[in-house]
Each structure stands twice: as C-alpha cells, then as structure tokens.
C-alpha cells in the first residue's frame, strides 16, 4: 500500500492556497496536517481551507510541537527559505521548497550538507518543467540530438500579485533580487535541463528602476562547452508571453506559449497545440501535482535526490554571478564546485 506522506505548510500565501493545496489533492498520497502562518488574515484562510489542520504562528513553534511529520512544504517569501529549510532538516524532516531554495551560496552548501547528514530530501519546486508544453519540448529536443543554442524569454506586464497588500517582489531585502530571481530561476533550471553543464562565460544587462535595486528586466548571454544560450526577462512588456527556441543537431524546437513546433530540414513543420498558454496565470496546480511523484521518489530513494539539487545549485550560482558581474563590473566565473 502506498505510504501517505504527512506534511506541514510553512506560509499560506497565494502559491500555497492556489497551487500547492490543490496540487497535493490531485496527486494523492499527501496529507497536510499543520500550517505555520504569521499573518492573521492568511491564518484564517488556512483554517478555512484546512479545517482539520493545526495552526501555528511560526515554523519554529510548529517544529517544536508537531510529531509524525514526514516533510515541510516551504511557501514563504524567498528571504525565509534558507533558514526554514535548515530548521526543517535539523528537525529530521524532508523539505519541499518554493524557488529560490536559498539566496546565499554558503547557505546552499550548508543546506546540502545538512540534508546529507540527516539523510533527508531537499527538493525545490521546479514546476515549469512539468508543464505539458515543456514536457513535449524536452521530449522533442532529446530526440533531436545535441543542443547548440537555446533562447528563452519570459515577458510579463508586472510582477505576480501577493495575497496581502504590498509587493514583496519589489522589495530587494525580501525578494533577494528582481525578475532574475523570480522568473529567472525558472528559466535557469529549464536551461540546465537542456545543456547539463555550467557556462565558461556569461555577459548580462540588468535594468534596475527602483531604489532597492530590483531589476524589472534582464538579458543574459551564456557560452557553454559546445553551445550558447540567451535569456530575456521583463516585467515591463506589452504582453504576457513565454517562449523558447532550441536549435539541436537534427531539428529546431520552438515553444510559443500554447504551441510547440518541430522544424526539420526538408520536412513540413509539425505543431503540437495546448489548451492553455504557458504564461496564463501564476498558480498552475496541475504542474505542481505532476512534479510531486518526483518529490515522493526523492523522499523514498536517496539516489533520486541529486538531479533537483544540481538544478538548484546551477540556478543560484548563475544568479549570483550575474549580479556580481553587473554590479562589480567584471565576470568572475569559476568552474562549478559540482555536487555528489
């Protein structure tokens, strides 16, 4: 009989309410028995959505009292992720965490060390990779041979709205950065799945328009061994759009929001249509549900934990290198430390 994983939610904002809860319900095999939420308004929302769950005002309080948990699902703003992940690991629990897993490279290394010491999974929510469009894109790209160039673009009119007044995504202290951290993290793990290596060089341009130095737009060019890539992100575009072009040895694969097109020399293009645009909405509980079997596998089998960790390692290293490169005025790329 399939084991039911018993979990606690840390944070009950929009992503927890609109994506995680319905995703757990759709996937099956998960039970949320506790919630830690400091904001009274959101605690009331958690009580309404999960009447049987126990409520706590902080994760520390929850961890000190709750027994029988298997994992903590961290859905708080980014500046809390690293410390809350470490607290859950130190309590002997597996961790499912919204991106970014951490904003600090030393802390990220500490998280992986703590996970190894506790023999627990740390799994970052890389849900875009589980969308129908990207699953088809990966399938076609794998069949097309080695990738030579990738172009990724994410366009938005503004950052996603939160569940409470105020916009933590434009607060550099809470968000850790702007669109490069928010939407950039998603694009970076998609890129890593396509090239599976670290770049030898990158150049970047950030458009910072706030006193907190939170960028509204970012363009990054990568040089990998045997491949190049370009990434363009904007919170000031005239439309919502997600796109990608992957040039591979035998074909080009193009993702156009609600369609994926395969182009081969001498053949008619083959198009795959999807009922919903990739850029539509922000919650996507179906993507979250499609990801959960991989999280459950990582909980059950230590050998299944490394791939997601490598993606998180890549995302944070690229973000930190872009910020350092732009703000210091030089490009201090070093070889990746790698992960076991």
**Request:** Within segment 173-180, identify whether any single residue is within 12 Å of residue 315 (Cα to Cα) and modelled with pLDDT of 90 or more, and answer yes or no.
**Result:** yes
**Asked** Of all residues in segment 73-92, which are more than 21 Å from the chain's Cα centre (by Cα) and buried (at least 17 other Cβ atoms within 10 Å of the Cβ)?
**Response** 91
**Message:** Looking only at segment 117-148, count every residue that is surrounded by fewer than 17 Cβ atoms within 10 Å (Cβ to Cβ) and part of a strand (DSSP E or B) and tell me the total.
**Reply:** 1
**Qualifying position, being farther than 26 Å from residue 126 by Cβ, assigned to a loop (DSSP other than H, G, I, E, B) and out of contact with any strand residue (DSSP E or B) (no Cβ under 8 Å at 6 or more places or on another chain), among 64, 38, 48** = 38
**Asked** Quick one: what pairs do we get from segment 64-89, first residue at positive phi, second surrounded by fewer than 22 Cβ atoms within 10 Å (Cβ to Cβ), C-beta under 7 Å, 6+ apart or different chains?
**Response** 68/6
**Request:** Please go through segment 260-280 and pick out each residue that is in contact (Cβ under 8 Å) with a residue 40 or more places away in the chain and in a strand (DSSP E or B).
**Result:** 260, 262, 272
**Request:** Could you list, in sequence order, all residues of segment 281-313 that are outside any helix (DSSP H, G or I) and under 14 Å from the mean Cα position of the chain (by Cα)?
**Result:** 282, 283, 284
**Prompt:** What's the number of the condition residue 70 fails, among (1) crowded, with 18+ Cβ neighbours inside 10 Å; (2) farther than 15 Å from residue 118 by Cα?
**Reply:** (2)
**Prompt:** Quick check: is even one residue across segment 107-116 within 18 Å of residue 6 (Cβ to Cβ), surrounded by fewer than 19 Cβ atoms within 10 Å (Cβ to Cβ), in contact with a helix residue (DSSP H, G or I) (Cβ under 7 Å, 6 or more places away or on another chain) and assigned by TED's automatic domain parsing to the domain that holds residue 31?
**Reply:** no
**Asked** For residue 161, all conditions in the list (1) part of a loop (DSSP other than H, G, I, E, B); (2) buried (at least 17 other Cβ atoms within 10 Å of the Cβ); (3) at pLDDT below 85 hold save one; what is the number of the exception?
**Response** (2)
**Item:** Options 316, 255, 278; residue that is modelled with pLDDT of 95 or more, within 23 Å of the chain's Cα centre (by Cα), closer than 30 Å to residue 112 by Cα and crowded, with 16+ Cβ neighbours inside 10 Å
**Value:** 316
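The values are calculated or read from the model by the stated rules, or taken from the named source; none is laboratory data. Fair warning: this is a prediction, and the values are worked out from it, not measured in the lab. Note that we place each Cβ from the backbone using ideal geometry, even for glycine, and neighbour counts take in every protein chain shown.
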